[in-house]
Every structure is written in structure tokens, then in C-alpha cells.
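Structure record follows, encoded as C-alpha cells.
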Amino acid sequence: MAYRYVSCETIESELANAIKYITFTPDPELPALLKNALANETGEISKDILNCMLKNIELAPKIEIPLCQDTGTLVVFAEIGNQCIIEGPPLPEIINETLIKVSKELYLRPSIVKDPLLQRENTGNNAPAIVHISIIKGDTIKLQIDQKGGGAENMSRLQMFTPSASSEDIKNFVVETVTLAGGNACPPLIIGIGIGGNFETCALLAKKAILRPLSKKNPLKEYAVLEQEILESVNATGIGVQGLGGKTNALAVHILTAPCHIASLPVAVNLQCHSHRHIEIII
Amino acid sequence: MKIYRYTLPLCPADISQLNISDKVLLSGCLFTARDAAHKRMVEIIQRGEKLPLDLAETTLFYCGPSPARPGNVCGAIGPTTSSRMDVYTPILIQNGLRVMIGKGERSLEVQKAIMDFGAVYFIMSGGISAYLSQHIVSCETFLWQELGPEAIYKLWVKDIPVYVHSK
């Protein structure tokens, strides 16, 4: 088997560029969705804020001030080809070193504490990132990079349903989740829903679902229909932009599924705020 | 939607003129405080000591700014979720606080304290930091620098947009 060698410098440089890009530029399809929401919105405050969001997206890369002061936890889904050898330290170390360097260069807010319960002392450099590694066939490295803010993450939920649960039950759970979240999650939202797997897998599916391109439909028709139904129900709550009333509570709903145990039907809902900052790079 | 311009600190007459959902452009001085600063303020009050800031004159902004680049007035600035401060807010209101800015809903206890004491809670939109930076005149660390982004910063703002949530 032929192996491809990738230097840690290559990964560092590609990753640093990616983090810099998403700090100032959101998902490329987000502005069109916000404009569409603005055209359909009737809530005065929601319209006013949607306009500010569009201005913010235009301004951030020009003046190099982050889209949001919460540049979040850096989450990386790494798919490493089985014919690819990384020369240098293990990938999580490369990612953390790059994150520390970039946080300093870009003056990012340090938003990570060392211990979640005791002292809560800030690490001062945004490390560690949260890294999920899987091995795939091939000789490339795919990195899905996500800057995930704390407000929307805090309002995410998981429930271990059982097989008698219906699509309607799942829909109600999602609507309940966004209702409880209100303005805390910084709507309009992108809603990631993980269905299946087990306790930890459905949470990962929900996070990964958020990263699906916004214009890409779910490949399974039944789930595409369910996504649309959930989106309509969520927007019918009247919560609106930032919880201040209107038709725009979510811009997209993405479902990702996995096989699961005969006794189970795990469901996780991961909320993404409108500051949807992610990118995929292939090395 | 009615739009008003006010200079901080707000007096009781200013607050009484406001209605829910009004848009207000605020100018003047804001003090940032997040979870850690709130915890310290409440501990000081509970020990019977004097706070290093006069709550009656203070507009509290739930915010942890990012550091400014050299030559810039400020870094990225925006509200954090207010409900995390709910456990501390009633005691601050009882000790003079009248004006708060953040995002999201408040607990029933906080809403009651807001009504009982004639306070006001404004919502500012999250996730528009570059836009808001255009309304920041200056930003300096005021207290507890060791808390990093959770320190209390003093911000001078000009026409920063907020919406009346409860009063």
C-alpha cells in the first residue's frame, strides 16, 4: 500500500487560515437565508435585527472584528485516510497548538476554563479544542471546523425515546427545545437533530448535522419532509429573532441518523445560533 | 416601533416613559459583568462591605469582550445570556441596580424585582459584534482584571441599539 506523508506544518497553515476565515465570515449561504427571512418577516424588531445581522456580516471581514465576541469552542471533525501519515505530533496536539497561536494573532476572547466545576480558571488561549477523529479509506485528511458559541450550546437537549415514539413526538421535542431556548440561543437558529445510534452518538450526529451545507436537502425523502415540517412548526412559535417576536426562529433543520438498538430511539437536538461559523478543508 | 435616544445613567422618569418593545439608542457609560463578576459583587454585598461601584448609577451589560487589537478602540462586543445572572440579579436590584442589558428571558423572580423597584431590562442582539463595535467609543478594564473576559470593563457607547424587554 502506498502512503502519503502530510507535514504538520501543512496542517497548521491550512487550519490557521480556516480559523481566521470563519472568525470573520459565516457560512456562505447564510446571507441569502437571512435576506429571505427578512423578506417574509412581519415582526418589526425581528426585521430591524435581521438588517443589523446582514450589516454585521458585511462589516466583520472588512474591519477584522469577529462576527461574535464568543468565538466559542473550536470543534473539529477529522477524517483521516488510512493511507495518510501525519509527520509530527498527533493531530489533536497540532490542532491545539494552532488554536493557541491563532487566538493570540486574532485577539480572540479566551472562552475556555480548565475545570468545569472547581475554580473555573480560564486557560487563556482557547485550548483545548474538541476533536473527533475517524479513520476513512484513502490518503487525504478532511477537517470540518466549527466555532461553536456557548449560548446555543447551553440550550441543546437530548432524550432517550423508545421505539413507540413517532415523528410527531420528535417534532414536539424539537419545538419544546427551541421554546425553552427562547432568545438565549440567539435565533434565528440552525437546528441539528441526531436520531439513532446511542447516548453519545446521537449528540455527535446532531452536531455534525449542523455542518451540512444549508442548501443541501436530506437525501432521504421522509427525513427531508420531516425537516420542513419541523422548520415550519418552529417558526410558527412566534419566538422570532432573538426571542423578540416574529416568524423567524430557525433558518434550517438538518437531521442525521444512525442505526440503533432494538430497545432505543435516542434523539439529540443541537442548536446553532445565527452566527454559523464553520468550514470544511481537505488536505 | 418607537425609537428613543437616551443618555445614561437613566433616571426613574426616563424608565417610566419607556414601553415594552421600544427601541432605544443608548449613549454613555456601561459596565460589563458576567457570571464571575456577579458572584464577586454578591459576595461583597453579603459580607456587608461596600461595592467598588455605585449600583444606582450603573448600567450593567452582560458581556465579555474580546481583547482589542493594538490601535483599535475595542474588540468584539455583544451580550451574553442574561438568565445565568438571574440568581444574583434580585440582590443587586435591592441594592440599587436599575438598568440591565443582555439577551434572552429573565426568571420570574428577576421580573418581579424589576417591577417592584422600577428597573428596566433591555435586550441587545447577540452575534452582531462587528456592527456594535461601530457604537463603542472606548473600552477599558475597570475592575478584577485577573478575571480576563469576565472582568468588569467600562465601556463608553454612542447610540448603541437595545430593545425594552421588561420594566
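Please state which of the following conditions A:ALA60 fails to meet, knowing it meets all the rest: (1) surrounded by fewer than 22 Cβ atoms within 10 Å (Cβ to Cβ); (2) within 10 Å of chain B (Cβ to nearest Cβ); (3) among the small types (Gly, Ala, Ser).
Going through (1) surrounded by fewer than 22 Cβ atoms within 10 Å (Cβ to Cβ); (2) within 10 Å of chain B (Cβ to nearest Cβ); (3) among the small types (Gly, Ala, Ser) one by one, A:ALA60 breaks only (1).
Whether any residue in segment B:58-73 is over 17 Å from B:GLU150 (Cβ atoms), modelled with pLDDT of 95 or more and assigned to a helix (DSSP H, G or I) is what I want to check.
Within segment B:58-73, none of the residues are over 17 Å from B:GLU150 (Cβ atoms), modelled with pLDDT of 95 or more and assigned to a helix (DSSP H, G or I).
Can A:ASP139 be described as more than 16 Å from the chain's Cα centre (by Cα) and assigned by TED's automatic domain parsing to the domain that holds A:GLY197?
No, not satisfied.
Within segment A:38-49, can you find the residues that are surrounded by fewer than 24 Cβ atoms within 10 Å (Cβ to Cβ) and either in contact with a helix residue (DSSP H, G or I) (Cβ under 6 Å, 6 or more places away or on another chain) or among the charged types (D, E, K, R) (or both)?
Those that are surrounded by fewer than 24 Cβ atoms within 10 Å (Cβ to Cβ) and either in contact with a helix residue (DSSP H, G or I) (Cβ under 6 Å, 6 or more places away or on another chain) or among the charged types (D, E, K, R) (or both): A:LEU38, A:GLU41, A:GLU44, A:LYS47, A:ASP48.
Could you tell me which of the residues A:ALA209, A:ALA152 is crowded, with 21+ Cβ neighbours inside 10 Å and touching a helix residue (DSSP H, G or I) at 6+ places or on another chain (Cβ under 6 Å)?
After applying the criteria, what remains is A:ALA152.
Mind listing whichever residues of segment A:223-255 are over 16 Å from A:PHE173 (Cβ atoms) and in contact with a Phe, Trp or Tyr (Cβ under 9 Å, 6 or more places away or on another chain)?
Result: A:GLN242, A:LEU244.
A:THR237 is checked against (1) under 20 Å from the mean Cα position of the chain (by Cα); (2) within 14 Å of chain B (Cβ to nearest Cβ) and fails just one. What number does that condition carry?
Condition not satisfied by A:THR237: (1).
Name the residue that is farthest from A:GLY246 (Cα to Cα), counting only residues in segment A:159-195 that are within 19 Å of the chain's Cα centre (by Cα) and among the small types (Gly, Ala, Ser).
Going through the qualifying residues, I end up with A:GLY194.
Please work out which one of (1) surrounded by 16 or more Cβ atoms within 10 Å (Cβ to Cβ); (2) within 17 Å of A:LEU204 (Cβ to Cβ); (3) not polar (S, T, N, Q); (4) not assigned by TED's automatic domain parsing to the domain that holds A:CYS260 is the condition A:LEU158 fails and give its number.
For A:LEU158, the failing item is (4).
The values are calculated or read from the model by the stated rules, or taken from the named source; none is laboratory data. None of these values were measured; they are calculated from a predicted model. Because the Cβ atoms are built from the backbone with ideal geometry, glycine has one as well, and the counts that use them run over all protein chains shown.
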